1. Can you find, within the stretch 5-42, the residue that is modelled with the lowest pLDDT among those that are closer than 21 Å to R78 by Cβ and part of a loop (DSSP other than H, G, I, E, B)?
2. Examine the stretch 72-88 for a residue that is among the basic types (K, R) and closer than 11 Å to I14 by Cα, and state whether such a residue exists.
3. Of the numbered conditions (1) at pLDDT 95 or above; (2) open to solvent by 90 Å² or more (accessible area, probe 1.4 Å), D108 satisfies every one except a single condition; which is it?
4. For V91, which of the numbered conditions (1) without any contact (Cβ under 8 Å) to a residue 12 or more places away in the chain; (2) in a helix (DSSP H, G or I); (3) under 14 Å from the mean Cα position of the chain (by Cα) fails to hold?
5. Restricting to the stretch 48-78, what's the tally of residues that are within 12 Å of the chain's Cα centre (by Cα), touching a residue at least 40 places away in the same chain (Cβ under 8 Å) and assigned to a helix (DSSP H, G or I)?
Amino acid sequence: TQQMLTGSKLLVIIHQVAEAKSSNMGDIVELAAALPSEVEVAVLSSSEPEAVQEFLGTHGMQAVRYFGDETVLKAMVRGNPGIVLLQDGVVRGKWHSNDTPDAEDIIDLL
């Protein structure tokens, strides 16, 4: 928990990879790749690690992966996938994958 509340984090929330909307993952992957290195990208999912790895591999996304309770993840953001921007534990932005921001939008919020 303390690690998540320190620094700038872009959290990609995928409740269940089997139910995730894949059509917007390209925008999320582009966003993650365009961010400066001081913004850590992490994927939170309640799915099995192998399923998450396969899903991310299919979309060419490299990120640290964490397991989370599905109910808690849905309380954080309803989109599947959804995006949450944290800066030192403060929520700076939340987006549904249909509204994936640009890297410049993220940088402006930090």
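1. By that ranking, first place goes to K21.
2. Checked the stretch 72-88: at least one residue is among the basic types (K, R) and closer than 11 Å to I14 by Cα.
3. Condition (1) is where D108 drops out.
4. Going through the list (1) without any contact (Cβ under 8 Å) to a residue 12 or more places away in the chain; (2) in a helix (DSSP H, G or I); (3) under 14 Å from the mean Cα position of the chain (by Cα), V91 breaks only (2).
5. Final tally of qualifying residues: 2.
The values are calculated or read from the model by the stated rules, or taken from the named source; none is laboratory data. Not measured: the values here are computed from a predicted model. Don't worry about glycine lacking a Cβ; one is built from the backbone with ideal geometry, like all the others, and counts go over all protein chains shown. When the accessible area is computed, the model is the full protein with side chains, heavy atoms only, and any ligands, DNA or RNA have been set aside. Shrake-Rupley method; radii C 1.70, N 1.55, O 1.52, S 1.80 Å.
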